[in-house]
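All of the numbers you see were taken from the coordinates with simple rules; none came from a lab. This is a predicted model, so every value here is computed, not measured. Cβ placement follows ideal geometry from the backbone for every residue including glycine, while neighbour counts extend to all protein chains displayed.
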Amino acid sequence: MDKLTAKKKIDRLREQIRHHDHLYYVLDKPEISDQAYDKLFKELEALEKQFPDLITSDSPTQRIGGEPLKAFKTVTHKTPLLSIDNVNSEEDLLDFDRRVREALGKEKIEYVAELKIDGLAVSLIYKKGKFTQGSTRGDGVHGEDITHNLRTVKAIPLSLNEAVDLEVRGEVYLPYDDFVKLNEARKDKDEAIFANPRNAAAGSIRQLDPKVTAGRPLNIFVYYGIVPKLKKHYEILEHLKKLGFKVNPNIRVCEGIGEAWKYIENWEKKRADLPYEIDGIVIKVNNLADQEALGYTARAPRWEVAFKYPPMQAESVIEDIQVQVGRTGAITPVAHLKPVHLAGVVVKRATLHNEDEIRRKEIKIKDHVKVQRAGEVIPEVVEVIKSKRTGHEKEFVMPKTCPVCGAKIFKPEGEAIARCTNIACPAQVMGRIIHFTTREAMDMEHVGPALVNQLIEKGFVKDAADLYSLTKEDIKKLERMADKSAQNVINSIKASLDRPFDRLIYSLGIRMVGKRTAQLIAEHFSDIDELAKASAEELSEIKEIGPKVAEAIVNFFREKENHRFIEKLKKAGVRVKRPGTRGQGLGPLKGKTFVFTGGLSHYTRPDAEELVRKLGGNASGSVSKRTDYVVAGTEPGSKYEKAKELGVEILTEAEFVKMMKKHA
Ligand code: IVH
């Protein structure tokens, strides 16, 4: 292809991708399948690879670019990002309206009511329609240059459909579900969890490495911009929408303050149903000439106010504090509360996290407390209402020994979490077995916590491997287990024998090894024995696996008990290797060995491997002279280098897909 044709094609592809990004990320109305989108994207990537000098910074392929920064640069805002005055009651709001009416000499004011998204304010600068700089609010006058991170936010257009110079402002936020997921993943890895979506969004946007930010599904609503000739704030918002920005769909024009108050009352009831957190409502004078006439105080505009909602909290009494022992032995104090309604659910317990947290918040048994839903399954205690103390409250004493097995509790120097030191502790054993059976681990559909509890009590199982030697007769001896349910249990245990290798690794419950880490490990080793022999250095070489995780893995395989457990699993017939290292040898790919590296978009990696095996080939985890093909996806790893070194044939994903289609 000559360069001119390529340029035309590239322009066309970029336009299409921008259009579909806008449909998907801004309007939430995708029109094509993920596969079709990926195809466009790959095509653009391939052309840009062929003609690197045609790459421009506003290309959709260039959202994540550049090396991690050493520090953020300071930006001086052209016009300061002022603060906003708060009101807390209907009376305050009516006062605001009266001041506005008096200053303007008008009887009724047209307002715009907007949800006040709980994220962080950013300013975006466009030059000739291209996104050139993004910054945080900072102190209002100086912010931090976070352009590289904002470029990764897919709802922020890198180029507009008009070549205008423009500054817009908006709120970057993390949707509630994504916040919960992010915290779960962090918990998996023993990382500190974020207290709320706002902190998570702020923490994500202030990363020096844009790759980290790109991994967090940040979003934005734009709520401010200057567009010459337009006369109303609402018209500006409409115009920003047309330019490609994401504007909140719940913004309303209100005739007079009465309507604005109704909007406030209405959203207070509905706010728990929104997929993101709001902390109030912003009421703005719609007419821009009126805004100008009203002007500003030293700290805030006179033409807008924020009505702050109280946080979603409730009051309750701590009836008792008990500790829970997790599968890693972690001891968590839990407050047992007088049941209370909070954001649509009845709350009976709240986590107190750890002993330091109890001391810091000065929490005692029988205290009246404020509880808050903080994006975790279990709510937390925010603070003690000290004015309600009677003097009968009792200090909580952290037990010195495990309440379940009596072993010593140990808290390593500098760590917040105390742990039961006995790995044979029934609570830990039970926690490990339950973890093993969960959907994300070995997925034994009909084996739940209650059943595991009974099996342990009856002495039928001492570890998860024992599940595989259970018979239907054993199960029928348990409570409420008829023939059919017993058979279901047996079937779901049997079905788990053949789970993918990464599931098995995750099931072992190695500390700091969550689902994602288990996948990375599974891609690297061909079987459990290879993994068990790996040194910390070898493990650290895997991308994204740090020294702490590597050490946790090595420590796990140092324990004789864990080796015995794995041998039991092998004996039971559990698959402990990457599937099909030795293929069945029948089919068009007979005798051919494939190794995958990097990200695939057409298939998941297990699916691609499964396909190879179905066609008679082998799928292996490591490259050797016997490898026939290495399939290189995006960002291929060391296997790619090794393949080049050994002269193994390298396929792109597209070539691999073609090959599969030919044979399928
Ligand atoms: S207008 C920079 N409109 O609330 C001041 N602010 O206390 C812009 N916020 O951190 C004020 N949603 O980022 C406005 N629809 C909205 C908003 C909103 C959220 C945030 C704003 C600032 C805080 C103001």
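The mean sequence distance of close C-alpha pairs (under 8 Å, at least 6 residues apart), as a share of the length of segment 1-101, puts its relative contact order at 24 percent.
Going down the list K229/K284; K9/K154; K211/K642; K3/K658; K543/K661, which pairs span over 29 Å between their C-alpha atoms? Result: K543/K661 exceed 29 Å. Close Lys pairs in segment 372-446, defined as Cα atoms under 26 Å apart and 8 or more places apart or on different chains, number 5. Comparing Cα centroids, segment 389-438 and segment 595-630 end up 44 angstrom apart. Within straight-line reach of K29, meaning a Cα separation under 16 Å, sit the following aspartates and glutamates at least 8 residues removed in sequence or on another chain: D21. Simple spin-label estimate for E90 and T634 gives 5.2 nm between the two label positions (7 Å along the Cα-to-Cβ direction from each Cα). log10 I(q)/I(0), Debye, Cα-only segment 1-152, no solvent, q = 0.19, 0.22 Å⁻¹? At q = 0.19, 0.22 Å⁻¹ the computed log10 ratios are -1.22, -1.36.
If you take all other residues with their beta carbon under 10 Å from the beta carbon of I146, and give Lys and Arg +1 and Asp and Glu -1, the sum is +1.
Across the cross-link table entries K7/K78; K348/K458; K39/K231; K187/K494; K181/K308, which are compared at the Cα atoms, the separations over 32 Å belong to K7/K78; K39/K231. Can you tell me the relative contact order of segment 260-401? Whole percent, Cα pairs under 8 Å, sequence separation 6 or more. Contact order relative to length: 17 percent.
Across all directions, the shadow cast by the convex hull of segment 196-353 built on its C-alpha atoms averages 14.6 square nanometres.
Using Cα pairs closer than 8 Å and at least 6 residues apart in sequence, work out the relative contact order for the chain, in percent. Relative contact order for the chain comes out at 9 percent. For the pair segment 225-275 and segment 304-344, the centres of their Cα atoms are 33 angstrom apart.
Using the Cβ-Cβ distance between D529 and R439 with R0 set to 30 Å, the FRET efficiency from 1/(1 + (r/R0)^6) comes to roughly 0.65.
How big is D, in µm² s⁻¹, for segment 473-555 by Stokes-Einstein at 37 °C and 0.692 mPa s if Rh is the Kirkwood radius over C-alpha pairs?
Rounded, D is 224 µm²/s.
Stretching the chain fully between E415 and T79 yields a gain of 116.4 nm (0.36 nm per residue, less the alpha carbon separation). Of the residues F51, N618, G140, the one whose Cα sits farthest towards the positive end of the charge dipole of the chain is N618 (charges of +1 on Lys and Arg Cβ, -1 on Asp and Glu Cβ, taken about the Cα centre). Percent antiparallel among DSSP beta bridges with both residues in the chain, to the nearest 5? Percent antiparallel among DSSP bridges in the chain is about 85. Within the shell of other residues whose beta carbon sits under 13 angstrom from the beta carbon of V222, the net charge comes to 0, with Lys and Arg scored +1 and Asp and Glu -1. The dipole here belongs to the chain: it is taken about the Cα centre, uses +1 on the Cβ of Lys and Arg and -1 on the Cβ of Asp and Glu, and is about 1420 debye.
Largest first, the extents of the alpha carbon coordinates of the chain on the three principal axes equal 87, 85, 49 Å. Within the shell defined by Cβ-Cβ distances under 9 Å, the residues around A518 carry a net charge of +2, with Lys and Arg each +1 and Asp and Glu each -1.
Length gained on full extension, K458 to A654: 65.1 nm, using 0.36 nm per residue less the C-alpha separation.
With the helix formula -39500 (n - 2.57) applied to DSSP H stretches of n ≥ 4, the chain reaches a computed 222 nm mean residue ellipticity of -11000 deg cm²/dmol.
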